[in-house]
Each structure stands twice: as structure tokens, then as C-alpha cells.
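Okay, so here's the structure we're looking at.
Just so you know, all these numbers are worked out from the coordinates, no wet-lab data involved. Here the structure is a predicted model, which means the values were calculated and not measured. Cβ placement follows ideal geometry from the backbone for every residue including glycine, while neighbour counts extend to all protein chains displayed.
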Amino acid sequence: MADLLGQLEALAKGAREAIGSAADEKALEDLRVRFLGKKGELSAVLRGMGALPAEERPRVGEVANRVRDEVEALLAGAKSRLDARKLEAELAGPPIDVTLPGRRVLPRGHRHPITRATEDISAIFARLGYEVASGPEIELDWFNFEALNIPPDHPARDMQDTFYVEASTLGDGAPDGSVLLRTHTSPVQIRAMQRLGVPPVRIICPGRVYRSDYDQTHSPMFHQVEGLCVGEGITFADLKGTLAAFARAYFGEGTRTRFRPSYFPFVEPGAEVDVSCSICGGTGRIPVRAQGQAGEPPQTRRCGTCKETGWLEVLGAGMVHPKVLENGGFDPKRYSGFAFGMGVERMAMLRYGIDDLRLYFENDLRFLEQF
Ligand code: DAH
């Protein structure tokens, strides 16, 4: 036993000297391995305990534990001494002036093309006297469908197309099926009429809408801009003039518009509006850089954006249905109005020649920095 206790004493003495003069962290780590490691000196002494009579082991074990504690404390003390010395050296070195201006000018960020298109569209209507309105994205069935004269059996109301919110989880007693993510910005028509109460109503509402759809031209979340104008003596001519002016402002001075009859439950009559293609100028063909002889007809290729038709379908519109005016609190015998709705992703795609809608939502800087 005396032998082992002597070894432990020698180990502690050796550790005090070696650790006291360790020059860096690497040296400390080597010493930790040498004294306390699995194949280190302490382990070697403990292995010797096996040969001792049982009644002597506790005494040796006790001393061994004390020696281990001491070595660990020595290592920790040495580590904080080294850290403090390193910090002092840094502080004594050349100072960093944190008040100097940065050397690299960081590039400015970019507005997302959807944000840009939304702002551009809003600015054009603001010049025409429209006010920007908004409404909730989690909407009641009544505003999204019912009040807009959309019948209960309309396909848009199907679970496949509309995201319903479990109303019971909202805790306000609404029955399931009555709360949904708005599928279009048209419910804001009703909300705006109710809020303003008297004509004229001239609002546009840009915002997010949701449909259960996902492919190259559909995303479950996308953006629309709704427009509504209600007053006395508003006619289809006002609708045509307004949208033609908008199309010229957004797509360029020479842009032409055409109206095709269409059906939307909340307007009567309803129309789909096309603009002359902004990519090929409405000709359906795009000139290819001349390589032929003088006198040869200019080379052209098919315009993929309008599929060679020269026209782009950009929005839905019409004269506000009498029932919708009534639901908004306006007497349809006295007042009339027009409404329109357009998809922002599509407006930006047509203006900038973007061919895949998913690019908008991938956050790839190479795409975003082009705008
Ligand atoms: N809400 C329609 C949709 O999402 C678009 C629309 C069509 C809006 C005609 C209108 C309108 O205001 O008059 O497809």
C-alpha cells in the first residue's frame, strides 16, 4: 500500500510542476492525457490496486480521488491563466477603430417583382382617383361567395379548390364551412361598400389569395388586384375607358384592349379583357436579327407569350350585379358600378417575359436581381 501511496504522491508533485509551466493549450491537453487519460499515470496506479488486500483499497482509493481532483483543478486554473494572458495580448496589440466607415459598399437590395408590379398597378389607379383598400385573408364564406352572388353549388366552393378553416378552432361559434382563406380579392368589394356607405366608391385592393392548386402556372398562394367603382350613372363605357387607360400606362402607350363576353356571377354583363401582346407588339411574330440578303423579307419567329395570337388575357371585369350592390348596402336602382380583378403574378410575367410562376417563390437571387 505504501508503495501505491508513494506513487500517487509523486504523480501529484509531477503534475504541479508540469502544469505550472505549461506554455499553451496544446501543452495542457497533452498533460491532461498524460496524468488523467485512460492510459495515463493515474489509471496505471489504480490498476495496481487490484493486488492490494481488500481492507487497504478504500484508503488508496480516497487518496487517488483527491489527487485526481487536484490535477483537474490545476488544469482548469492553468487554462484560465492562459486565456487571460491571450486577452491581455490582444488588448495590448494595435487597436481596432470601430468608428471607421466600412470599406465595402454593400449592394442595395431589390424589390421583389411581385411587390414592384403591385406598386406600379396601385400607382396607376391612384392617379385615376382610386384609394387602396384591404380586407382579411381569412374570410367568411358570406363575403367570399354568398354576398358576391356565387351559388352554393358553384365549383369554386368545392373543397378541392378552396382552403377551408376549421371554424370551430377559432372559438367564436362559427360553424365549419363558414370560414376560409379568400380565393379572390372580390370580397373586399362588399367590405368597401359597407365601410364607405355612400358613393363614390373608387377602390383598388391588392392582396394575397389562396387556392388549392400547384403547377407551372398555379401556386396555392398568389396575388390579385381588385378594383371597384360605384356611383351614379357609371356605365360600361367608363369601365372600358378606365381599363384601356390602365393597360396603356402599365404595358406601354401603344397597347390596345379588347373585351370578350364572359361570365362571373358577381357582374352583369361580364367580360374578359385582353391586351395586345407586350412582347411582340400584337403581331404574334418576333423579328429575328437579320442574317439574310438585302431585299429578303425580315426573319421572324413565333411569339410564345401570346402563342402567336397577338393578344394576352389579363383580367376579368363587368358591371356590378344588382344583388352585389344591395349586399354592399347600395340601392341598385339609383347606383351602378363596375368591377375588375387581375392576377399580379400574371401581370408581371407578361411585362417582364417570365415563363414559370414558381420562380417568384424560390428566392433565387439570380432571378430576383433582374428586376
Ligand atoms: N374574382 C375573379 C377571379 O378571381 C376575377 C374577377 C372577375 C373580378 C370579374 C372582378 C370581376 O371584379 O368583375 O377569377
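Details
- About its Cα centre, the dipole of the stretch 217-371 is roughly 440 debye, where the only charges are +1 on Lys and Arg Cβ and -1 on Asp and Glu Cβ.
- ³J(HN,Hα), Karplus 6.51/-1.76/1.60, whole Hz, each residue of the stretch 124-131, x for Gly, Pro: 5, 6, 4, 5, 8, x, 8, 9
- When the charge dipole of the stretch 44-87 is built from unit charges on Cβ atoms (+1 for Lys and Arg, -1 for Asp and Glu) and taken about the Cα centre, the candidate among Ala51, Asn65, Ala78 whose Cα reaches farthest toward its positive end is Ala78.
- Exposed-loop-free span, longest in the chain, where GluC sites (Glu not before Pro) count as exposed if DSSP calls them loop and at most 16 other C-beta atoms lie within 10 Å: 1-136
- Taking every C-alpha pair closer than 8 Å and separated by at least 6 residues, the mean separation divided by the residue count of the stretch 2-88 gives a relative contact order of 41 percent.
- Each residue of the stretch 195-201 was assigned a 3J(HN,Hα) from its phi angle through the Karplus curve 6.51 cos²θ - 1.76 cosθ + 1.60 (θ = phi - 60°); the sequence is 6, 7, x, 10, x, x, 9 Hz, with glycine and proline shown as x.
- The stretch 1-56 and the stretch 310-371: distance between their alpha carbon centers, rounded to Å: 80
- Principal-axis tilt of helix 57-92 within the chain, Cα atoms, nearest 10 degrees: 60
- Amide proton proximity set for Cys277, modelled H, under 5 Å, gap of 5+: Gly282, Trp311, Leu312
- In this structure, the amide hydrogen of Gly318, modeled 1.01 Å from its nitrogen in the peptide plane, lies closer than 5 angstrom to those of Ala271, Ala339, counting only residues at least 5 positions away or on a different chain.
- Note on the chain: dipole from Cβ charges, positive end direction compared against Gly37, Leu170, Leu365; the farthest Cα belongs to Leu365.
- Residue of Asp97, Asp176, Asp158 that the Gaussian network model of the chain assigns the largest fluctuation, springs spanning Cα pairs under 10 Å: Asp97
- Loop chymotrypsin sites (Phe, Trp or Tyr not before Pro), the stretch 160-212, which have at most 15 other Cβ atoms in a 10 Å radius of their Cβ (DSSP): Phe163
- Most mobile of Leu228, Leu350, Leu31 in a GNM of the chain (Cα contacts under 10 Å): Leu31
- Dimensionless Rg ratio for the chain, taking C-alpha atoms and the 2.2 N^0.38 Å reference: 1.85
- Relative to the dominant Cα principal axis of the chain, helix 236-251 is inclined by about 40°.
- In Hz, Karplus ³J(HN,Hα) per residue of the stretch 109-120 (6.51, -1.76, 1.60; θ = phi - 60°; x = Gly, Pro): x, 10, 6, 5, x, 5, 4, 4, 4, 4, 5, 4
- Based on C-alpha pairs under 8 angstrom that are at least 6 apart in sequence, the chain has a relative contact order of 15 percent.
- Between 0 and 90°, nearest 10: helix 25-36 axis offset from the chain longest Cα axis: 60
- For the chain, a simple Cβ point-charge model (Lys and Arg +1, Asp and Glu -1, everything else neutral) yields a dipole of about 1200 debye relative to the Cα centre.
- Those trypsin sites (Lys or Arg not before Pro) in the stretch 9-86 that DSSP places in a loop and that have at most 16 other beta carbons within 10 Å: Lys38, Lys39
- Orphan Cys of the chain, criterion: no other Cys C-beta under 4.7 Å: Cys205, Cys229
- Convex hull volume of the stretch 2-88 per residue (C-alpha atoms, cubic angstrom): 69
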